[in-house]
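The structure under discussion appears below in the form of structure tokens.
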Amino acid sequence: MLELDLRVERQSAALGALARHDCFVRADLAVCLRRINRVAAETLEVARSSIWLLNEDGTSLVCADHYDASSTVDGTGQILERADFPHYFQAILEDRVIAASDAQSDPRTCEFTENYLIPLGIASMLDAPILFGGRTVGVLCIEHIGLPRGWPRDEQVFTASLGDFVAMALAAEERTRAESALRRAEERYRGIFENAIEGLFQMCPDGRFTDVNPAMARMLGFADAAGFLAARGPVGAPLFVDPSRRAELMRLVDAQDRVVGFEAELYRRDGPVIWGGFSIRTVRGADGRILRLEGSLEDVTLRRRAEDQLAHVALHDGLTNLPNRALFMDRLAQSLARARLSKVGTTAVVLLDVDRFSLINDSLGHAAGDRLLIDLACRLSARLRPGNTLARLAGDEFAVLAEGLADRDAALELAESLRSSVAGPFVDATDQELFASASAGVCFDVGGSQGPDDMVRHAGTALHQAKAQGRARCLAFTDDMRTEPLLTLKLQSDMRRAIERDEFLLYYQPILSLPDRRLTGFEALIRWNHAQRGLIPPATFIPIAEENGLMTDLGDWVTNAACRQMRAWQDRVGAPVPLSLSINVAPTQLIHPEAFPLLDRAVAASGVDIGRIKLEVTETALAGDAELLPQRLRALRERGFRILIDDFGTGYSSLSRLHRFPIDGLKIDQSFVKPMLYDPDSAAIVRTIVALGKALELDLFAEGVEDEGTAAELGRMQCDFAQGYLFARPLPVDAADGLVEDLMEELAGKPADRPIRTLNPA
């Protein structure tokens, strides 16, 4: 979700800069339209952006400004007739946003295909109707050239906001024209305001209207001035929604003689309330006495709504419409201030995020991830009581502020309720069920003794601990957790020197042929023998390596060490014995520019038979670059490596993509293998994967085999190979050497059905 957060930040910055541009102050429509188009194209990174305005009878669209990013040239004047594009015209009048990922097939935009989309190579369109004065007056058209492109909700909201800026520019131009007309009318016909297009009025010193022009009457829903004056007489219906605003206006006029831009909500006779902007001056006689008040009224509803929208965007998440981090921290600060005064109840912050959320984005796409986040926001909101605040801080991380809880147990109960709400199935766009889990961290504050940053940081520490302990759980912050981030930082520093200090070592887990239980190879598994902390498992240091860009260096060490060990076994068993070694390869290693040279040097330096080396790539890695990864894997196979897909079955969309990748085998994830004897769904998944592998002529490996019943069932399914605690845990090199000796003795004449000795060292 980092990508989404960066997009939203960029969009917000673009809208803020646009709002501050002086073209809106100058009300230069042409400049405003050019600026909006450039901001749209640059922020959304598209080829073309254009603004089209409807003619008076709505029968045609006229291009007011067109921007081509490739030539940075603006153009105007093109005309689209409604008779030629009836479906598109209907769509801009009915839809708030037209998000056409495949513009050539979308029923709203396909009318442009033959004469426009195909010749220009336009694949996707994102159009936002321009609303002004309660009706559609035009459309902002975003055009993407190349492959079809999805339009996430944040980009749709951003484009709609740009459409509102066009409306603001039109309003500014209209206001400027009105002001100019009024000035000319006043110069020529002083006191005559019947033909003014701006609302004009005269009032008694006590604030009663004595005259209004037709424009003002129409602005407020009346057919003429007489109707307005009759309705707003001394005992008539009120004009101001908030009567105190009328009193404030009259007080300012009395004190200053001139008031400009005083805004208030006003009742209309025939519709919703509007925002009106008053400018009033006093007209005094020779004796200084106030004779009358005269002024103008401007409908500023559109601008106020745009300002409100910008303010909302600045403080809310564009995808879920929840408060963002800035608003959450503000409310938390206010809550803690209240807690210091009341000293009653417990204030709690709960941080919650979806476990392995990146797998959903990588496998099913960001659109599916966005839908899950929206559904999750609804679920979490339903679990909260009034007065609590739910916010989306970043990515898949949500935060809850709960005030006035009875005690810490109540806070933990709330956190667990929120966490468990994620467990129910989500339904994606194809009506398939998707299951997820969440982890949560809680920080309590009794009496407001902590600051907002402290509480969020401590809740984040507890959340991190919950994930480190296996995910799908809720933990409360304790004082002893304060040291954990420091330990992580220390490990980050130590890792940079661990390779040169030779602190890493390899363990080897045997892989057996299921039909005869004969050793066929090992999987190399890295361990870190830390000088102070002893043996550190990969689950602790691999994430640190990934976050700090050390996976390539670490992978290079593993490859070299594994190749050297395989060469030693190769020399011992001889060429006829089919003993192999599997090495795990991270996605960052595969796409690194030095990936192939590093692998080639490791093979060359060790002299190992490259055909004995199998490279294991996790299924989730296949969700990465759709072009680069198949090319990389194909190049590795051409070099002689065997390619295995590790943890198969956990990557959601794997079956539809598998045929695209040059692979030799599948390793069935242990999360399906372990429960298969008592879980029919798991057994069905394993059976399906085996059948798929057989159909594609792939080797099948089962991970996590821990009992004879599972091994026997896998044999009946015709699974080829297995590894797990039933046979042996990951072994140090001397124990693995013993298994190689056993294999050599067996091949030299001992009974072939003798099972491998089971070793389970601490």
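A single entry from LEU310, LEU336, LEU302 fulfils the requirement of being assigned to a helix (DSSP H, G or I) and under 19 Å from ALA399 (Cα atoms): LEU336. Taken together, GLY709, GLY724, GLY749 contain a single residue that is surrounded by fewer than 17 Cβ atoms within 10 Å (Cβ to Cβ), small (Gly, Ala, Ser) and modelled with pLDDT of 90 or more, which is GLY709. Among the residues of the range 32-52, those identified as in contact (Cβ under 8 Å) with a residue 12 or more places away in the chain and over 20 Å from HIS21 (Cβ atoms) are VAL46, ALA47, ARG48, TRP52. Of all residues in the range 23-61, those satisfying the criterion of being among the charged types (D, E, K, R) and crowded, with 19+ Cβ neighbours inside 10 Å are ARG34, ARG35, ARG48. Looking at the range 441-450, can you tell me whether even one residue there is assigned to a helix (DSSP H, G or I), crowded, with 20+ Cβ neighbours inside 10 Å and either in the same structural domain as PHE357 (by TED's automatic domain parsing) or at pLDDT 70 or above (or both)? The answer is no, given that none of the residues of the range 441-450 is assigned to a helix (DSSP H, G or I), crowded, with 20+ Cβ neighbours inside 10 Å and either in the same structural domain as PHE357 (by TED's automatic domain parsing) or at pLDDT 70 or above (or both). May I ask you to list the residues in the range 469-499 that are part of a helix (DSSP H, G or I), closer than 30 Å to ASN529 by Cβ and modelled with pLDDT of 70 or more? Selection gives MET481, LYS490, LEU491, GLN492, SER493, ASP494, MET495, ARG496, ARG497, ALA498.
Picking from residues in the range 563-586 that are assigned to a helix (DSSP H, G or I) and touching a residue at least 60 places away in the same chain (Cβ under 8 Å), the one that is nearest to the chain's Cα centre (by Cα) is GLN565. Scanning the range 495-512 turns up one or more residues that are outside the structural domain of GLN334 (by TED's automatic domain parsing), of a type in the set (Ser, Thr, Tyr), touching a Phe, Trp or Tyr at 6+ places or on another chain (Cβ under 6 Å) and in contact (Cβ under 8 Å) with a residue 24 or more places away in the chain. Determine whether the range 113-127 contains at least one residue that is surrounded by 14 or more Cβ atoms within 10 Å (Cβ to Cβ), touching a helix residue (DSSP H, G or I) at 6+ places or on another chain (Cβ under 8 Å) and of a type in the set (S, T, N, Q). No: zero hits. Looking only at residues in the range 299-316 that are modelled with pLDDT under 85 and among the acidic types (Asp, Glu), the one that is surrounded by the fewest Cβ atoms within 10 Å (Cβ to Cβ) is ASP308. If only residues of the range 521-551 that are over 33 Å from the mean Cα position of the chain (by Cα) and surrounded by fewer than 17 Cβ atoms within 10 Å (Cβ to Cβ) are counted, the one that is nearest to ASP707 (Cα to Cα) is LEU535. Determine if the range 98-106 includes at least one residue that is at pLDDT 90 or above, of a type in the set (S, T, N, Q), part of a strand (DSSP E or B) and touching a strand residue (DSSP E or B) at 6+ places or on another chain (Cβ under 6 Å). No, that holds for no residue.
Is it the case that VAL283 is in the same structural domain as LEU418 (by TED's automatic domain parsing) and part of a strand (DSSP E or B)? Answer is no for this residue. Among the residues of the range 556-568, not a single one is at pLDDT 90 or above, within 22 Å of ASP720 (Cβ to Cβ) and surrounded by fewer than 22 Cβ atoms within 10 Å (Cβ to Cβ). Of all the residues that make up the range 587-600, how many are in a helix (DSSP H, G or I) and within 23 Å of PRO543 (Cβ to Cβ)? The number of residues fulfilling the criteria is 7. Within the range 587-600, the set of residues being of a type outside the set (Phe, Trp, Tyr) and in contact (Cβ under 8 Å) with a residue 12 or more places away in the chain comprises PRO587, THR588, GLN589, LEU590, ILE591, HIS592, GLU594, ALA595, LEU598, LEU599, ASP600.
For the range 644-690, a tally of residues being in a strand (DSSP E or B) and modelled with pLDDT of 90 or more returns 5.
Yes or no, residue by residue, for (1) among the hydrophobic types (A, V, I, L, M, F, W, C); (2) modelled with pLDDT under 75:
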{"site": "MET168", "(1), (2)": "yes, no"}
{"site": "SER180", "(1), (2)": "no, no"}
{"site": "GLU187", "(1), (2)": "no, yes"}
{"site": "ILE192", "(1), (2)": "yes, yes"}
{"site": "ALA196", "(1), (2)": "yes, no"}
{"site": "MET203", "(1), (2)": "yes, no"}
{"site": "ASP206", "(1), (2)": "no, no"}
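Looking at ALA99, is it crowded, with 17+ Cβ neighbours inside 10 Å, over 32 Å from the mean Cα position of the chain (by Cα), touching a residue at least 24 places away in the same chain (Cβ under 8 Å) and assigned by TED's automatic domain parsing to the domain that holds GLY16? Here the answer is no, as ALA99 does not meet what is asked. Taking residues in the range 110-123 that are on the phi > 0 side of the Ramachandran plot, and partners anywhere that are surrounded by fewer than 12 Cβ atoms within 10 Å (Cβ to Cβ), the pairs with Cβ atoms closer than 9 Å and at least 6 places apart or on different chains are GLY121/GLY146.
For (1) buried (at least 19 other Cβ atoms within 10 Å of the Cβ); (2) of a type outside the set (Phe, Trp, Tyr); (3) outside the structural domain of ALA466 (by TED's automatic domain parsing); (4) in contact (Cβ under 8 Å) with a residue 40 or more places away in the chain, each residue gets a yes or a no:
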| residue | (1), (2), (3), (4) |
| --- | --- |
| LEU376 | yes, yes, no, yes |
| ALA382 | no, yes, no, no |
| ALA394 | no, yes, no, yes |
| LEU405 | yes, yes, no, yes |
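The values are calculated or read from the model by the stated rules, or taken from the named source; none is laboratory data. This structure is a prediction, so every number in the text was calculated from the model and none was measured. Quick reminder, even Gly has a Cβ in these numbers, built from the backbone with ideal geometry, and neighbours come from all protein chains shown.
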